[in-house]
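Nothing in this text is a laboratory measurement; each read-out follows from the coordinates by a stated rule. For clarity, every value in this text was computed on a predicted model and none was experimentally measured. Positions of Cβ are generated from backbone atoms using ideal geometry, with glycine treated the same way; all protein chains shown enter the neighbour counts.
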Amino acid sequence: MARFKLQPGETILLKGPLLHSQGEAGVKNFLTGKYKVQKCGGILTTTRFVACQRNDYFPWGLLIWVLIYFIWNRKILFAVPLQDVAAVEVDPNPKVKQFIIRTRDGGEFKLLSDAFFNKTPQWTQAIKDAVASASPQA
């Protein structure tokens, strides 16, 4: 797993906590391991969308937590170049406030805002704007 680093000429547009869900939701799928939700940190840059590992807060002292955060955090779970984004959709189910990033090669990433206030509209609009500015023909 690679670690996140800004590429030359790349700037961060939006950053925040997200949940990445994999598989089809349901109790049976959850119990069998076919559905899982992973905490991640979303980073939207001028050239790509990156989801990095996010650890829970550690019960030890603040200094140890900060050291562990900077040593083990920011491993990339997945990265999507903005020119490969085909669509950004909000899940039609009103109970689930997740958004879906679809790629040109058929990939699908289901993400949910993990902030105290739901930031799904901000994420979808920011990704759409970034894709439009990265490739004008999108």
Anchor Lys15: aspartates and glutamates whose Cα lies under 16 Å away (excluding residues fewer than 8 positions away in-chain): Asp114, Asp129
Centre separation in Å (Cα based) which lies between region 1-21 and region 104-126: 14 Å
Nearby lysines by direct alpha-carbon distance to Lys34 (threshold 18 angstrom, same-chain neighbours under 8 apart not counted): Lys110
What does the highest-first list of 111-121, 35-45 look like by mean Cβ count within 10 Å? 35-45, 111-121
Fewest to most Cβ atoms within 10 Å: Ile12, Ile101 sort as Ile12, Ile101
